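Some notes on the structure that comes next.
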């Protein structure tokens, strides 16, 4: 079976399995795989196909079909045919109608080559485009179709097809199970009974605070990123080292965007059931591993007490081992600072954590405290604007506020120190003179040592004390753990506490962390 036919049949099959009953087909060449698949589905009695030779009229016909509240699809070929759907999409957008524009496209390598009927179709309809990768595998294809169906209002799915565009067999995707993802148009943070197994692990990322709090209290073990509540300390370290068999879950519940740990992503690839929770089409599923999704939180039908106890014991043992390792290492590293800062902050504090290494240091080594509120810019996870974001948070917080960020993050927004209102905010800058995070990535391996400092490490040599003096911001540099904790004790006014560290031992330290966790379990 050729890839275009396979993908088109998967798309149509998933539309059917999520309740789509009407599709408007505007004939063309590039959408031939979809046309054949739709004709085959109609012949099987799975849906009704309406054929219209004019895309503008076809769009409005689909709009009328979708006004009942059930999603309806209009599909067309590439080029200006797509643009003719725009009027109907505009109307659907302004009236919140679930119209799905399913457009065929040329492979992206034909863009700007003079190829016939080839335009840039991304966002051409005035709404964000769900771009289907050419020849995408089954999980990716089904997940993107479900996102389109779950979108509140109109959606646009753009699918590049490469010849051959005609089928070479009559095979149809297996439908011996429910939809790949369970779409749901309700909103809110309510919980509902579910069939998730007793051994379910909860991963919490960036999401609405109320939903995160409810998810954390469901009763299953919780591994939470620093901005989410009630996570098990060192949970991400456990995942990064690889879970021992007795801790492996039968299912994972993902609430919010989990983006920090490669261990999280590895776990999701190896679990049969992944239930993702998010608002409408924004459920978290970076790798397309979700097997179901909803806007509501599933309640456990039962809990495995012995398994819960095993998780609690594991976290306790790992915590002791990690603290022993850090105590034996020369101070400071980012892991030391993350641990010491999160332990020393007064109750009722607010903490803003910068992207790159600091947020991961807090994730790996920080204390998990219910009496401290943690924030981070995890939407796009950039390092820009962090000083200003921290100041804005502190101005609106009743109590002491702290920020933890790296030197490059601090320098990127040093003009944020030009604040007319200066809140009680202590900005802790871990200065390792460059891009420390790259030491932990593939490009930090020894074989790339000759080029590393020049193109990744990028030492800058900036005098942060002189910089702060220019902004008339109090600055102090600390050299040991006791001095650091003392500097945190008087959170009055806007000030900078600098801790200088080195990058050359980071890779070894993180490898030791992973080995330490594995040793705890005899792995």
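Restricting to the range 187-243, give me the number of residues that are part of a helix (DSSP H, G or I), closer than 30 Å to residue 515 by Cβ and touching a residue at least 60 places away in the same chain (Cβ under 8 Å).
Residues flagged as part of a helix (DSSP H, G or I), closer than 30 Å to residue 515 by Cβ and touching a residue at least 60 places away in the same chain (Cβ under 8 Å) within the range 187-243 amount to 6.
Answer with yes or no whether residue 423 is within 19 Å of residue 366 (Cβ to Cβ), touching a residue at least 12 places away in the same chain (Cβ under 8 Å), surrounded by fewer than 24 Cβ atoms within 10 Å (Cβ to Cβ) and touching a strand residue (DSSP E or B) at 6+ places or on another chain (Cβ under 9 Å).
Values: within 19 Å of residue 366 (Cβ to Cβ): no; touching a residue at least 12 places away in the same chain (Cβ under 8 Å): yes; surrounded by fewer than 24 Cβ atoms within 10 Å (Cβ to Cβ): yes; touching a strand residue (DSSP E or B) at 6+ places or on another chain (Cβ under 9 Å): yes.
For residue 423, the condition - within 19 Å of residue 366 (Cβ to Cβ), touching a residue at least 12 places away in the same chain (Cβ under 8 Å), surrounded by fewer than 24 Cβ atoms within 10 Å (Cβ to Cβ) and touching a strand residue (DSSP E or B) at 6+ places or on another chain (Cβ under 9 Å) - is not met.
Return the only residue of 478, 496, 428, 517 being at pLDDT 95 or above, surrounded by 11 or more Cβ atoms within 10 Å (Cβ to Cβ) and more than 22 Å from residue 389 (Cα to Cα). Write out each step before concluding.
On the way: 496 fails: more than 22 Å from residue 389 (Cα to Cα); 428 fails: more than 22 Å from residue 389 (Cα to Cα); 517 fails: at pLDDT 95 or above.
Only one candidate qualifies: 478.
Considering each residue of the range 351-360, count those that are surrounded by 24 or more Cβ atoms within 10 Å (Cβ to Cβ) and closer than 27 Å to residue 398 by Cβ, and give that number.
So the answer is 6.
Condition first: over 24 Å from residue 379 (Cα atoms) and buried (at least 22 other Cβ atoms within 10 Å of the Cβ). Now tell me which residues in the range 190-217 satisfy that.
196, 200 - these are the residues of the range 190-217 that are over 24 Å from residue 379 (Cα atoms) and buried (at least 22 other Cβ atoms within 10 Å of the Cβ).
Might you check whether a residue that is farther than 18 Å from residue 129 by Cα and more than 32 Å from the chain's Cα centre (by Cα) occurs anywhere in the range 84-92? Walk me through it before giving the result.
Just the residues of the range 84-92 that are farther than 18 Å from residue 129 by Cα, to begin with: none.
Scanning the range 84-92 turns up no residue that is farther than 18 Å from residue 129 by Cα and more than 32 Å from the chain's Cα centre (by Cα).
Name every residue in the range 234-258 that is more than 17 Å from the chain's Cα centre (by Cα), farther than 13 Å from residue 268 by Cα and crowded, with 21+ Cβ neighbours inside 10 Å, in order of residue number.
234, 235, 237, 238, 241, listed by residue number.
With on the phi < 0 side of the Ramachandran plot, modelled with pLDDT of 95 or more and in contact with a strand residue (DSSP E or B) (Cβ under 6 Å, 6 or more places away or on another chain) as the only criterion, which of 10, 34 stands out? Even if it seems obvious, please write down each step before you answer.
Details: 10 fails: in contact with a strand residue (DSSP E or B) (Cβ under 6 Å, 6 or more places away or on another chain).
One residue alone meets the criteria, 34.
Looking at 274, 286 in this structure, which one is touching a residue at least 12 places away in the same chain (Cβ under 8 Å), touching a helix residue (DSSP H, G or I) at 6+ places or on another chain (Cβ under 6 Å) and within 16 Å of residue 252 (Cβ to Cβ)? First the steps, then the outcome.
On the way: 286 fails: touching a helix residue (DSSP H, G or I) at 6+ places or on another chain (Cβ under 6 Å).
Of the residues listed, the single one that is touching a residue at least 12 places away in the same chain (Cβ under 8 Å), touching a helix residue (DSSP H, G or I) at 6+ places or on another chain (Cβ under 6 Å) and within 16 Å of residue 252 (Cβ to Cβ) is 274.
State all residues of the range 1-32 that are assigned to a helix (DSSP H, G or I), under 32 Å from the mean Cα position of the chain (by Cα) and within 19 Å of residue 166 (Cβ to Cβ); if no residue qualifies, say none.
Going through the range 1-32, the residues assigned to a helix (DSSP H, G or I) turn out to be 3-17, 32.
Among the residues that remain, those that are also under 32 Å from the mean Cα position of the chain (by Cα) are: 3-17.
3, 4, 5, 6, 7, 8, 9, 10, 11, 12, 13, listed by residue number.
Which of (1) more than 19 Å from residue 33 (Cα to Cα); (2) at pLDDT below 90; (3) surrounded by fewer than 19 Cβ atoms within 10 Å (Cβ to Cβ); (4) assigned by TED's automatic domain parsing to the domain that holds residue 41 does residue 177 not meet, given it meets every other one?
(4) is the only condition that residue 177 fails.
Can you pull out the strands (runs of 3 or more DSSP E) entirely within the range 56-164 that have at least 1 residues that are more than 18 Å from residue 17 (Cβ to Cβ), in contact (Cβ under 8 Å) with a residue 60 or more places away in the chain and in contact with a helix residue (DSSP H, G or I) (Cβ under 6 Å, 6 or more places away or on another chain)? Break it down stepwise before answering.
Values: elements: 72-76, 99-105, 129-131, 155-160.
Correct list: 99-105.
What helices (runs of 4 or more DSSP H) completely inside the range 405-523 contain at least 1 residues that are more than 27 Å from residue 327 (Cα to Cα) and in the same structural domain as residue 383 (by TED's automatic domain parsing)? I'd like the intermediate steps shown before the answer.
Values: elements: 407-412, 449-452, 464-470, 481-487, 506-520.
By residue number, 407-412, 449-452, 464-470.
The values are calculated or read from the model by the stated rules, or taken from the named source; none is laboratory data. As the structure is a prediction and not an experimental result, all values here were calculated from the model. A quick note on method: Cβ atoms are made from the backbone with ideal geometry, for glycine too, and the neighbour counts reach across all protein chains shown.
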